[in-house]
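Heads up: the structure comes next, in structure tokens.
The values are calculated or read from the model by the stated rules, or taken from the named source; none is laboratory data. Computed from a prediction, not measured in an experiment: that's the story for all the values here. All Cβ positions, glycine included, derive from the backbone under ideal geometry; neighbour counts span all protein chains shown. Protein only, heavy atoms only, side chains kept; ligands, DNA and RNA dropped before computing areas. Shrake-Rupley method; radii C 1.70, N 1.55, O 1.52, S 1.80 Å.
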Amino acid sequence: MTDSPAKTETPPPPVGGAISDFGIDTTSQSTREAIGNYFARLRGGELGSLPALLGLAALVIAFTALSDNFLTLNNTANLIAQGAGKMIIAMGLVYVLLLGEIDLSAGTLSGVCAAVMAMHYVRDGNLLGGMGSTVFYVFVLGMVVAAGLAILMRIWAGAVLSLIAVAIAMLGVPPNAWIEMLLAVCVGAAIGCITGFMVSKIGMPSFVVTLALFITWQGVILQFIGEGGVFGIRTSPILFNVANGSLSLFGSWLLCLIAAGGYAAVVLGEHFRRLRKGLVTRPTPIVLFKVGAVAAIAILATWALTINRSPNPNLVTIQGVPYVVPIILALLVVGTYVLNRTRYGRHIYAVGGNAEAARRAGINVSKIRASVFVVSASAAAIGAIVYSSKAGSVDPQAGGLNTLLFAVGAAVIGGTSLFGGRGKVAHAVIGGLVLAVVENGLGLLRQPAAVVNIVTGLVLLLAATVDALSRRRAAAALR
Amino acid sequence: MTEPLLELIGINKSFGPVHVLHDVNLTVRAGEVTALVGDNGAGKSTLIKCVAGIHPTDSGEVRFRGEPVHIHSPKDAADLGIEVVYQDLALADNLDVVQNMFLGRERGSGWLMDEFSMERAARETLASLSVRTVKSVRTPVSALSGGQRQTVAIAKAVLWDSKVVLLDEPTAALGVAQTRQVLDLVRRLAEQGLGVVLISHNMADVFEVADRICTLYLGRLVADLPAKETTHSQVVELITAGRSGELGLARPEHVTL
Ligand SMILES: Nc1ncnc2c1ncn2[C@@H]1O[C@H](COP(=O)(O)OP(=O)(O)OP(=O)(O)O)[C@@H](O)[C@H]1O
Ligand SMILES: [Mg+2]
């Protein structure tokens, strides 16, 4: 990437008395204008996550009215932990959707990661014994091939992670929860390298590649765990606590301080630096309102979650912010930072918006296309850690059933476009909350799985419809 | 006459069975505006894209400052200091004006882009082009009109410290005032010592700013004439028939004789 210096001196203003500044170009706008612009954008079809937020509010109100158990502290904390795994898979899928691609294998791929992780724990680090020698050597060979493909595509992170997976498998490292989680992520990244290679270098449509892999990984999970088998990980305190444990009271408030304070520092710092330099800013009242609202929500949520929420408070105490909250927040921050602040993220948006323009701008389009599958698969592995922890075991259904539907649905419901170019990691969190509420609420109302699946599917269909219509509307606005 | 900055020698290009460019020779000199004219489908855009590293050529040589160079990718062209305004503009709709102008060459480190300096530089360049109708440089390109997009594409090309600027119908969608600005800019770039290639269907514009007029006819470069010694009707004949009097393609009878 050359950073050839731009002209420091601007060309002299053109002759002929032309206005040499931006007439009506503005760097700041009044609060009223900003709100007006927001509504204009809504009318233009840029809905963002507004439908999801409205839907979330409606669902919460409806379920609260229908069930006394819905809006209780215990159920709310439980609901977040239930949805967290799929929400994290959705966060990775946002990267793939931004390019207008799809990863249908994200669900079962996460199941493979969960199975390998759990096998390492259950078999005392002896994957060779757990898989049988043929399967084990095929597995290791697969990881080596993945590393090779990653090097070929110059995706160094993918290569390093794949090789770590090989090392952990070959060395027979003794069981350790942290090593097992690392192994899961490394296996995920390696699988992502293979998917990415097939989509971007061989040029197969991602729909076909990942549909084939979806079935393949399902078979692999069955091979690893065995028909009717199950790997229990409940006995590992660390693995079990990921989705079932909570921060201490001090830790909870520290998290609140870091989250709310960090958000305020970053947003206000950037806002006032921009103001000082005369760059485009939002109205100060709106920025202050946003920072204040985030702080208020953080404090309120922390306060609520630090109350003892045990169903029988005299016997056991359950309090503190669940570990999954800082995990999701950390992934949200990292994922958003990468998309908004790094060159890589900018190029993802560019390729998703206009791949030909990106190519002409010198961006390595095929590398970007491959890399998002590595991101998505690694995130799916983290999701696998969380949902396996929540379940306390891994069985051949891990990552199957509606995991993928839920993850794609979360991203799309949150406002990420299926057509590429538009989306945020935060969309996965908002959409994930919507689906978690649907699943949990219908469960409380004792609805069978059939109803839950039908409703979840219809909600996804509705979100995709909104996406397609708003895209048409945005296209029409240009004419 | 100054020395040639960019020379194309014997460029051939086919898309499958369609032979689009036949042995095209073109010379771009520093400090001159070279107009490239020709009918629709004559191969003007294709020629530009070959120079820009978007299409590989089948045969022929490209020389930059007398040295043979190989341009295999848009990045190679940019590294040489060749900037292109494409006919289809090549902007990403979902990115804003600043993001588009710096696409692929973002300032700052890979891990943290320098948004402040990019925004300021983009604003200054746009101001120098008298873009008066863009509300904010942080507007997504999808919200701009056709003419505004074209100005952004031009601003994107002049932002860099380039040696050669190739403009493919840069004024096609512009209003009167904006066209004026772009034509002034074209002259100004040449005066600053850049080599400029301007593709246009508007003869008045061509005669106003060009030093030399090169005509492509069905993929062949049939004439390379000084603008001052050429008339309007000669150029029109060259474009439509490939020859005009003694200029252009040899008459068929000359070939048979
Ligand atoms: N990617 C492509 N694949 C196949 N044929 C192409 C491609 N690009 C251009 N052509 C063909 O090459 C010929 C020249 O096209 P080109 O775009 O260079 O014309 P042009 O001179 O720029 O015309 P205009 O004035 O309409 O812009 C046309 O016949 C066109 O059909
Ligand atoms: Mg053209």
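Note down the net charge around A:ILE35, summing +1 for each Lys or Arg and -1 for each Asp or Glu among other residues with Cβ under 14 Å from its Cβ.
Numbers: positive: A:ARG32, A:ARG41, A:ARG43, A:ARG282, A:LYS290; negative: A:GLU33.
Around A:ILE35, the surrounding residues sum to +4.
Accessible area per residue, 1.4 Å probe, Å², for chain B: what's the number? It would help to have the intermediate numbers written out before the result.
On the way: 10250 Å² over 257 residues.
That works out to 40 Å² for each residue.
Of the accessible area of segment B:125-168, with the probe set at 1.4 angstrom, what percent is carbon plus sulfur?
Whole-percent figure for carbon plus sulfur exposure: 53.
Taking the Cα atoms of chain B, report the difference between the largest and smallest coordinate on each principal axis, in whole Å and largest first.
69, 38, 36
Quick check: the distance between the Cα centres of segment A:329-365 and segment A:31-69, to the nearest angstrom?
With segment A:329-365 and segment A:31-69 each reduced to a Cα centre, they are spaced 27 Å.
Nearest 5 percent is fine: what portion of the DSSP beta bridges confined to the protein assembly as shown is antiparallel?
Expressed as a percentage, antiparallel bridges in the protein assembly as shown total about 65.
Could you order B:ASP58, A:ASP103 by accessible surface area, starting with the largest, using a probe radius of 1.4 Å?
My answer, sorted largest first, is B:ASP58, A:ASP103.
Counting only other chains, what is the mean number of Cβ atoms within 10 angstrom of the Cβ of each residue in peptide A:362-368?
Details: counts 11, 5, 3, 0, 0, 0, 0.
What the average comes to for A:362-368 is 3.
Classify segment A:261-346: rounded, prolate or oblate, from the alpha-carbon gyration tensor (a ≥ b ≥ c, eigenvalue square roots; a/c under 1.5 rounded; otherwise prolate if a/b is larger than b/c)?
Oblate, since a/c reaches 1.5 and b/c is not below a/b.
How big is the dipole moment of the protein assembly as shown about its Cα centre under a simple scheme where the beta carbon of each Lys and Arg is +1, that of each Asp and Glu is -1, and everything else is neutral? Debye, nearest 20, please.
That gives the protein assembly as shown a dipole magnitude of about 1600 debye.
Once the Cα atoms of helix A:73-98 and of chain A are each reduced to a long axis, what angle between those two axes, in degrees from 0 to 90 to the nearest 10, is obtained?
Roughly 70 degrees between the two axes.
Using a 10 Å cut-off on Cβ to Cβ distances, tally the other chain neighbours for every residue of B:147-159 and report the average as a whole number.
1
Computed on protein heavy atoms with a 1.4 Å probe, what is the summed buried accessible area for the chain pair B and A, in Å² to the nearest 100?
Details: alone 12620 and 24090 Å², together 31900 Å².
The B and A chains share an interface burying roughly 4800 Å².
Explain nothing, just the number: relative contact order of chain A, from Cα pairs under 8 Å at least 6 residues apart, as a whole percent.
After rounding, I find 32 percent.
Can you tell me how segment A:177-303 classifies by the Cα gyration tensor, rounded, prolate or oblate, using a/c under 1.5 as the rounded cut?
Verdict is oblate for segment A:177-303.
Applying a 10 Å radius around every beta-carbon, put A:429-441, A:295-307, A:79-91 in order of their mean neighbour count, most first.
Result, highest mean Cβ count within 10 Å first: A:79-91, A:429-441, A:295-307.
Using only atoms on other chains, find how many Cβ atoms lie within 10 Å of each Cβ of peptide A:345-355 and report the average. All intermediate terms of the calculation are to be shown ahead of the outcome.
Numbers: counts 1, 8, 4, 0, 5, 8, 1, 3, 11, 11, 1.
Mean shielding count: 5.
At 222 nm, what helix-only mean residue ellipticity would chain B give, in deg cm²/dmol to the nearest 500, using -39500 (n - 2.57) for each DSSP H run of four or more?
Only helices count here, giving -9500 deg cm²/dmol.
I'd like to know which of A:ILE328, B:VAL235, B:VAL24 lies farthest towards the positive end of the charge dipole of the protein assembly as shown, counting +1 on Cβ of Lys and Arg and -1 on Cβ of Asp and Glu.
Working it through, the farthest residue towards the positive pole turns out to be A:ILE328.
How high is the relative contact order of segment B:143-257, in percent, counting Cα pairs under 8 Å that sit 6 or more residues apart?
Reported relative contact order: 17 percent.
For segment B:109-130 and segment A:258-312, what is the separation of their Cα centres, given in Å?
Between the Cα centre of segment B:109-130 and that of segment A:258-312, the gap is 28 Å.
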